[in-house]
Amino acid sequence: MAVIPEVAAPDRKVAFNQKVLWTVITLLIFLVLSQVPLYGIMSSDSSDPLYWMRVILASNRGTLMEFGITPIITSGMIMQLLAGANLIAVDYSLREDRALFSGAQKLFAMLITFGSATVAVITGQYGDPKSLGPGICLLLIIQLSVAGVIVILLDEMLQKGYGLGSGINLFIATNICEDIVWKSLSPLTVNNGRGPEFEGAIIAFFHLL
């Protein structure tokens, strides 16, 4: 497990104002990743089978946060299932076992991220792989994998006491709040056949008065 990137536990109690600061920084990084589009994609306008689940998965299609917290949740569920079914022996009273279990869960999440990125690119989610070329396909996989590792480390940082609450819960709440704010105040216009209308509900309301 020595080769897996890890966030060191704090050697002293983290002050409340520092926790707030680290939490804000973490959420800002998450929001930036949620808005940065993937470089090299040809199209992401096809139907999205995960559209209704993206809110609770804290994901945003066509961006670095394509997978959101899916790898973290999936690896956690599978590892807990294996431990609960006694397929792997874990003694939570031992610090070494807890550290090994946590490391294995993190490694599994990284493998899921890499595997999901590879499948998404190969199956043509971002365009025909033959048209994209091997270089762009590899670049897309690297972008998705690195972004996934960053989210895993941000979640680990909050869990180890640097921030407030759980990373997964904060990411989901932030994604929901971002969606509400954007759908309320978006200045972009859309044309639904009745002329241009503002996408933001509040702006559209006052515009139509």
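Based solely on its DSSP helices, what 222 nm [θ] is calculated for the chain when runs of n ≥ 4 H residues each add -39,500 (n - 2.57) and the sum is averaged over all residues, nearest 500 deg cm²/dmol?
After summing the helix terms and dividing by the residues of the chain, the value is -20000 deg cm²/dmol.
Could you give me the ³J(HN,Hα) list for region 27-34, computed from phi with Karplus coefficients 6.51, -1.76, 1.60 and θ = phi - 60°, whole Hz, x at Gly and Pro?
For region 27-34, the Karplus curve yields 5, 5, 4, 4, 5, 5, 4, 6 Hz.
Quick one: which residues, 5+ away or cross-chain, put their amide H under 5 Å from the amide H of THR63? H built at 1.01 Å from N.
Long-range HN contacts for THR63: LEU38.
Beyond 18 Å, how much of the Cα-Cα pair distribution for region 102-161 remains, as a whole percent?
Tail of the P(r) past 18 Å holds 40 percent of the pairs.
Diagonalise the Cα gyration tensor of region 57-209 and give the resulting equivalent ellipsoid semi-axes, square root of 5 times each eigenvalue, largest first, whole Å.
Value: 37, 23, 12 Å, ordered largest first.
Can you give me the Rg/Rh ratio for region 1-137, using Cα atoms for both radii and the Kirkwood formula for Rh?
1.04
Identify all lysines with a Cα-Cα distance to LYS160 below 18 Å; exclude those on the same chain that are fewer than 8 residues away in sequence.
LYS13, LYS19, LYS106
Provide the packing ranking of 128-138, 59-69, 164-174, i.e. peptides ordered by the mean count of other C-beta atoms within 10 Å per residue, highest first.
On the way: 128-138: 12.8, 59-69: 22.5, 164-174: 16.9.
Descending packing order for the listed peptides: 59-69, 164-174, 128-138.
Of the listed peptides 103-116, 150-163, 18-31, what is their order by residue-averaged count of other C-beta atoms within 10 Å, with the highest listed first?
Going from most to least packed, we get 150-163, 103-116, 18-31.
Any read-out appearing in this document is the output of simple, stated calculations on the displayed coordinates, not a laboratory observation. Since the model is a prediction, treat every value here as computed from it, not as a measurement. Backbone-built Cβ (ideal geometry, glycine too); neighbour counts: all protein chains shown.
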